[in-house]
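*Asks:* I am attaching a structure below and will ask some questions about it afterwards.
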Amino acid sequence: MIQYKSDTEALNDFLNKYNALRSEIGKVIVGQDEIVKTLLIAIFSRGHALLVGVPGLAKTLMVNTLSQVLGLTYSRIQFTPDLMPSDIIGTEILDQERKFKFIRGPVFANIILADEINRTPPKTQSALLEAMQEKAVTVAGVSHKLEEPFFVLATQNPIEQEGTYPLPEAQLDRFMFNIWLDYPTFEEEIQVVKNTTTMHSATLNVILTAEEIKYFQDLIRRIPVADNVYQYAVKLASLTRPGTALAHPWANNYLTWGAGPRASQYLILGAKCHAAVTGKYSPDIADVQAVATSILRHRFVRNYKAEAEGIKEEDIVNELIK
């Protein structure tokens, strides 16, 4: 059993382990520092992340590397139009003794990479999203608990529209973060090419165990938050809701509807973890602002006017933060 003299001592050790994680991941992943930081914040906040980026930006490698340094089991599910819910959660078969036996699907792992989640119909999408929310799957009336920690990283290609089934807003809301993955810089791409076109191979060390991750997830929840930070997070979410008393003028002009209460919850959880990984013992307003874009960008819907004027989700969040 993991024990510390105080939460302060535990937070200091968490920061050391976090820095070690970043260093270990850097052996394989070149650049993408903010992406790795956001993914780790999601894991320690018990959240899930949707990663949006064009093919070839090492999304799969990033998740595989994360699972190795965290000492967790890992499954990759390639979402296709013919994928069935049973292909994800598992199915019952009749064994040699003529008894039904449940064969677990790939969802029974600690880290799930849901590759191109928008390529499969809503029925199959919902099978995974149920597991994300309930941390369990139900087959033939029997509930099967998923082993914790449980983290889903879903990827989406922003440039392909043919043969896709975009996630409904209510399902998008299940993801703590919507992370945009951009191209590497010129220097980073040179390093990537050097690493991948030679005999270069990195040996990764396990930095954290599943038990330690669960302990630090609970530790993040125990971090105290000042009332003014709670008020700021809730007000920031409220600013996105058009037609309400606290609505920002941009919300009334450019949004069809805004973020729900889950946004406020994730803003606080994300701020707590962001404070911890930057060496603070309690979050302030700057920590809320640091995670706001990735938490809010997929929780409101722009109207036609916003699209016609080229107003992006990031522009709206930046205006709200001002």
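The values are calculated or read from the model by the stated rules, or taken from the named source; none is laboratory data. On a predicted model such as this, the values are computed, not experimentally measured, just so you know. Neighbour counts are summed over all protein chains in view; Cβ atoms, including those assigned to glycine, are modelled from backbone coordinates with ideal geometry.
*Asks:* For the stretch 105-117, state whether one or more residues are at pLDDT below 85 and among the polar types (S, T, N, Q).
*Replies:* no
*Asks:* Pick from 114, 154: which is closer than 30 Å to residue 265 by Cβ, of a type in the set (Gly, Ala, Ser) and touching a residue at least 60 places away in the same chain (Cβ under 8 Å)?
*Replies:* 154
*Asks:* Here is a further query. Restricting attention to the stretch 68-88, report how many residues are in contact with a strand residue (DSSP E or B) (Cβ under 6 Å, 6 or more places away or on another chain) and surrounded by fewer than 20 Cβ atoms within 10 Å (Cβ to Cβ).
*Replies:* So the count comes out to 4.
*Asks:* Just to be sure I understand the filter: pairs with C-beta atoms under 8 Å, separated by 6 or more residues or on different chains, first member in the stretch 120-132 and among the small types (Gly, Ala, Ser), second member in a helix (DSSP H, G or I). Which pairs pass?
*Replies:* 126/85; 126/171; 127/85; 127/88; 127/89; 131/88; 131/89
*Asks:* If you scan the stretch 225-248, which residues turn out to be closer than 25 Å to residue 8 by Cα, assigned to a loop (DSSP other than H, G, I, E, B) and more than 23 Å from the chain's Cα centre (by Cα)?
*Replies:* 226
*Asks:* Of the residues in the stretch 105-161, how many are part of a loop (DSSP other than H, G, I, E, B) and surrounded by 13 or more Cβ atoms within 10 Å (Cβ to Cβ)?
*Replies:* Of the residues in the stretch 105-161, 16 are part of a loop (DSSP other than H, G, I, E, B) and surrounded by 13 or more Cβ atoms within 10 Å (Cβ to Cβ).
*Asks:* Which count do you get for residues in the stretch 231-252 that are loosely packed, with under 15 Cβ neighbours inside 10 Å and either of a type in the set (A, V, I, L, M) or on the phi < 0 side of the Ramachandran plot (or both)?
*Replies:* Residues flagged as loosely packed, with under 15 Cβ neighbours inside 10 Å and either of a type in the set (A, V, I, L, M) or on the phi < 0 side of the Ramachandran plot (or both) within the stretch 231-252 amount to 7.
*Asks:* So, of the residues in the stretch 274-299 that are touching a Leu at 6+ places or on another chain (Cβ under 8 Å) and in a helix (DSSP H, G or I), which turns out to be surrounded by the most Cβ atoms within 10 Å (Cβ to Cβ)? Show your work before the answer.
*Replies:* Taking the stretch 274-299 as the starting set, the residues that turn out to be touching a Leu at 6+ places or on another chain (Cβ under 8 Å) are 276-277, 279, 281, 288, 291-292, 295-296, 298-299.
With the extra rule that they be in a helix (DSSP H, G or I), the set shrinks to 276-277, 288, 291-292, 295-296.
Details: 276: 26, 277: 20, 288: 25, 291: 26, 292: 22, 295: 29, 296: 25.
Only one residue fits best here, namely 295.
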